[in-house]
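Working notes, structure below.
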Amino acid sequence: MNSLVAYDDSDSEAETDNSNSQEKSIRNHGQPSPSDTLNTKYESNPQPGWDNVNTGSGIVHEYSRVCCLLEPQEEKNTWKSFSESRRQWPVTKLQVKPCTFAPSNFTTSPSATTSGNRELAVAPVSKMRPYEAFRVPNSSSCDLMSLEATSQQGSLLQKRRQENMAFVEGGIKPYIPKRMRQTQPEGTNERGESELQRQRMNPLPSLPAGFPIRESTTIAVSEFLKPYLAAKYKSTEIPKRLIFQMSEHGGPVNSVQWCPVLQYSHMLLSASMDKTFKVWDAIDTSRCLNTYSSHNGAVRAVQWSSCGRHILSGGFDSELHVTDVETGTQLFSCKNEFRISTVKFNPNDPNIFLCGGFSPEIKAWDTRNGKVIKVYKASIQQTLDILFLRDGNEFLSSTDSVSRDSADRTIIAWDFHSAAKVSNQIFHERFTCPSLTLHPKESVFVAQTNGNYMALFSALRPYRINKKKRYEGHKVEGYAVACECSPDGAVLVTGSADGKVFFYSYHNSRIICTFSAHSHACVGTTFHPVVPSVLATCDWNGNIKVWQ
């Protein structure tokens, strides 16, 4: 009776210790079991081991069992003669279970926010560790894989490829070797999409790792912008009516800038001579989201960071600050030796920025250690504006240096890494250039001159001026009037000292349209990066207007 009980329970033992028997069988023999080639009626029952197959009795028993010469009772006795650890038969059929997970959405409660706030939608985040799905199998798993047939291996490989594609679509990206990452062009992700295309195709905000999610209106996605985020930017349209007017600044507004991150482009940044800079919701409510009073003097220059969560500012108090947009805390602060008139982040490294002002020097700061890493010296009195070229290895600076015969050193090209002058014979007319802007499509840049016109230059060496195109008709003298190109590059817009806004055709340099926007000098104009017909302007009286 004991032998019968042991024989009846052998099925359950084989099932529970299946994986251990596989590893032991493979480790003891080093080769797959002959049962892979045998198709017998005893597949559902445990089979005898192969330890004595090379001996005489083992050969006789195995040959008799295969030829069906042994009686069932005799086969039971033969099975009972083996040790307890050898009564299990390796199962060579590999079972692959696809990993499944349920994505979770993190949202903030609308009731916990103030009026006008919108729900923050975040991309689905997987609960599974990314490395578990692509973990390298151990040695026993590799041995089991080698037992599969060629057809089974092909189907398994195809199945795993489908699972990998499902993981990529669910937010988990497979590991890419360093050699393949280096061959991809700059500004593209693993799928070869540019950053601009990725932001337009994904209307939901993708928060960087480690960024705290708080209940704040500054990280909400505007319902008005969502249809434009999923669509391609169309041709620029001329605005026709006034949408909002913000007049909370107590002094002249020097500049206005839309947030560069498309999902957060409802935010508008403004710098004023009233010692503050503000962030506005200039798309939905026209209200001020936050006011930053970190300066003791007029704020002359500000710039968004590439992630849209930090603001670099410099002013006439000779101070430089990097401020967190959401909390208002100062991530970096330093005291400069001269008053600041322009600041610019390095497009290749967000931790490095340039500052220029009332000094013959331009300094490069590193926010990680708070030190000056480069100094660019020139025989000038003041730096008016700084413009990084497309690759970030060279930049341009406009100065107030004007000689009697030529405008030597009015625009200087610098090598960012070596701090050497690339060229200082770019502009040869006797006018200063208070503003520089880069064309979004072509390798050219536009310089606003105090000669009441905009000049066009090549952004490649030797940076020659285009004498066939000159955009004139507005008034600049006496003010630092900024100019800008539309996102599609077809229209140039600039303010005027008489309060008007001028729109020029980039291709034929003709005036498309002009209208009176302010009662005082209009010193700043900027196109919205997503909506083709939205324009923001500011004037010397402290007013900010949004047009559509």
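The table below lists the values:
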read-out: Relative contact order, percent, segment 389-486 [alpha-carbon distance under 8 Å, six or more residues apart]; value: 20
read-out: When segment 347-457 is reduced to its Cα atoms, the Kirkwood hydrodynamic radius in Å; value: 14.4
read-out: Under-5 Å amide H pairs with Ala220, H placed in peptide plane, nonlocal only; value: none
read-out: Computed label-point distance, nm, for sites Phe224 and Ile511 using a 7 Å Cα→Cβ extension; value: 2.9
read-out: Segment Lys234-Asp366, extension gain: residue separation times 0.36 nm, minus the distance between their alpha carbons; value: 43.7 nm
read-out: Taking the C-alpha atoms of segment 360-420, convex hull volume expressed per residue in Å³; value: 87
read-out: Distance between modelled label sites at His417 and His520, nm, 7 Å Cα→Cβ extension; value: 4.6
read-out: Interchain or long-range residues, amide H under 5 Å from Cys259's placed H; value: Met267, Leu269
read-out: Contour minus Cα-Cα distance for Asn351 and Arg430 (0.36 nm per residue); value: 24.8 nm
read-out: Principal axis dimensions, segment 437-548 - Cα atoms, whole angstrom, descending; value: 40, 32, 21
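None of the figures in this text is laboratory data; all of them are computed from the coordinates on show. The model shown is predicted, which means the values in this text are computed figures rather than measured ones. Please note: Cβ atoms are built from the backbone with ideal geometry, for glycine as well, and neighbour counts cover all protein chains shown.
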